[in-house]
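The values are calculated or read from the model by the stated rules, or taken from the named source; none is laboratory data. All of these numbers come straight from a predicted model, not from anything done at the bench. All Cβ positions, even for glycine, are placed from backbone atoms using ideal geometry, and neighbour counts span all protein chains on display.
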Amino acid sequence: MMEFIKCVIDKKVCRDCNFCTTTNICHSPNECVGCMSCYWACPYEARKIIYLEEERPRVRIRVNGIEYEVPKGITVLRALELIGYRVTRFPEKDSISAPCRTGGCWSCAVLIDGELERSCITPVRDGMSIRTDVDGREPLRIVHGPEPHSVGGKATPWYEKGYRYVEVAIWVAGCNLRCPQCQNYHVTYDNTTAPMTPLEAARILTYYRKYFKVKGIAISGGEPTINRRWLVEYFKYLREMNKEKDTRLHLDSNGTVLKPDYIDELVNAGCNNIGVEPKGIRVETFMKITGIKNRDLAEEYLNTSWNAIKYIRDKYIEEVYLGVGIPYNSAFMTLDEIREIGERIADIDESIQVCVLDYFPIFRRRDIKRPSPSQMLEVKKILNEVGLKFVIVQTSLGHIGP
């Protein structure tokens, strides 16, 4: 007897928005394997979880040449966990990194019958052959774009904003957070679009950087950092293709997995422009914004993000242009906390660029109201009062800078 998870549709809640038939599609439509991808992705929370305690038939699989028996009706990822493979949420060596578990980031990909496939959403089946060593295969990632951007991201230098276009950007699918007001959920929860290799993404971005005659090449998401091998290789290719000294290779991240060795690897690969958005300063606020229910995990993510800001500032001040993003909406953050955040950034360095994003109603938080321009100017005033020199606020009327 084992516990299994099954997701069912609550017809009373479903709005027939077709998100589950166009963007986040079930990879086991005939028998739910409890991957939870549809549960996290549904914009109207029309998926409900059923916990089952039952005995199931077993299927035979071969993993790295060894035969095992595992329960029928589960994901490849869970099968690997059951037979003893280490699965982590942080990108680590000698483990299977499965941070998004919705099929977008491809970090958990393994070779299934010779083809690279996502273990988090693929159902196990009898006779399946799996290999976990994928270092010899090019990593994959779902990519949206590229598109030219007139404002840029959290770390686009404030003095460059105002040109017609300042950078070209891509947005990658998959995220380790579950923000109910995800501002880009059509990208974050996409598990359908054909993936790209790092080389393919770098080539197309380089082409469009030259076409639009901009300095910046940006990647955002979703959360770019959760597929480490893909991201590092992507920046290496970009650096080879864009040797001009003033080219910005820009990463926008929530910072939750950016530990020092990872930051070192990215900078060595060519990343010279990093924006980090820690989501808050209080654990309770972080959990409210991100949807992370496990307090220990939330605290680890939050601390990692703030530590990343300080580490980048202290070690790479001469090499990396650093920006910090702050999400603001009175529904999840008070002005007192804005002041606390500002004071913490100022303690690190008053000259760090800060970009405050006015979170608007979308995805599962359609009940919130977008902050007014006057509210955002009040936020800017508070951050300037604590000593921050370069504060930009996003408003419904446009960006207001230093």
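The sole residue among Thr247, Thr197 that is under 15 Å from Cys105 (Cβ atoms) and in contact with a helix residue (DSSP H, G or I) (Cβ under 9 Å, 6 or more places away or on another chain) is Thr197.
Is it fair to say Glu69 is modelled with pLDDT of 95 or more and among the charged types (D, E, K, R)?
On the way: modelled with pLDDT of 95 or more: yes; among the charged types (D, E, K, R): yes.
So Glu69 passes the test.
Residues in the range 265-292 that are buried (at least 23 other Cβ atoms within 10 Å of the Cβ), touching a His at 6+ places or on another chain (Cβ under 9 Å) and of a type outside the set (Gly, Ala, Ser): Cys271, Asn273, Ile274. A residue that is of a type in the set (Gly, Ala, Ser), in contact with a Lys or Arg (Cβ under 8 Å, 6 or more places away or on another chain) and under 22 Å from Lys93 (Cα atoms) occurs nowhere in the range 272-290.
So for the range 11-31 (the condition being in a strand (DSSP E or B) and not β-branched (Val, Ile, Thr)), does at least one residue qualify?
Residues of the range 11-31 in a strand (DSSP E or B): none.
Among the residues of the range 11-31, not one is in a strand (DSSP E or B) and not β-branched (Val, Ile, Thr), which makes the answer no.
Taking the criterion of being farther than 25 Å from Arg178 by Cα and surrounded by 20 or more Cβ atoms within 10 Å (Cβ to Cβ), the residues of the range 346-358 that qualify are Ile352, Gln353. Which residue pairs have Cβ atoms under 6 Å apart, sit 6 or more places apart or on different chains, and have a first residue in the range 139-166 that is more than 26 Å from Gly103 (Cα to Cα) and surrounded by fewer than 23 Cβ atoms within 10 Å (Cβ to Cβ) and a second that is at pLDDT 95 or above and among the acidic types (Asp, Glu)? Partner pairs satisfying both residue conditions: His149/Glu167.
When the helices (runs of 4 or more DSSP H) confined to the range 223-335 are screened for residues that are under 25 Å from Ile204 (Cβ atoms), those reaching at least 2 such residues are found at 228-241, 260-269.
Val134 satisfies every condition listed in (1) exposed (fewer than 14 other Cβ atoms within 10 Å of the Cβ); (2) out of contact with any helix residue (DSSP H, G or I) (no Cβ under 7 Å at 6 or more places or on another chain); (3) not acidic (Asp, Glu) except (1).
The C-beta contact set for the range 226-238 (first residue within 8 Å of Ala269 (Cβ to Cβ) and touching a residue at least 60 places away in the same chain (Cβ under 8 Å), second residue outside any helix (DSSP H, G or I) and β-branched (Val, Ile, Thr), distance under 7 angstrom, 6+ apart or interchain) is empty. The numbered conditions (1) exposed (fewer than 12 other Cβ atoms within 10 Å of the Cβ); (2) at pLDDT 95 or above are all true for Ile9 except (1).
Residue by residue, here is whether (1) assigned to a strand (DSSP E or B); (2) surrounded by 15 or more Cβ atoms within 10 Å (Cβ to Cβ) holds:
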| position | (1), (2) |
| --- | --- |
| Phe360 | no, yes |
| Asp367 | no, no |
| Pro371 | no, yes |
| Gln375 | no, yes |
| Ile382 | no, yes |
| Gln394 | yes, yes |
| His399 | yes, yes |
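Look at (1) within 16 Å of Phe390 (Cα to Cα); (2) of a type in the set (Gly, Ala, Ser); (3) surrounded by fewer than 23 Cβ atoms within 10 Å (Cβ to Cβ) and you find that Ala331 fails only one, number (1). The residues of the range 358-374 that are under 26 Å from the mean Cα position of the chain (by Cα) and farther than 13 Å from Phe332 by Cα, listed by number, are Ile362, Phe363, Arg364, Arg366.
If you go through the range 40-59 one residue at a time, do you hit one that is basic (Lys, Arg) and under 30 Å from Lys259 (Cα atoms)? Break it down into steps so the answer makes sense when it comes.
Of the residues in the range 40-59, the ones basic (Lys, Arg) are 47-48, 56, 58.
Then keep just the ones that are under 30 Å from Lys259 (Cα atoms); that gives none.
No, because not a single residue in the range 40-59 is basic (Lys, Arg) and under 30 Å from Lys259 (Cα atoms).
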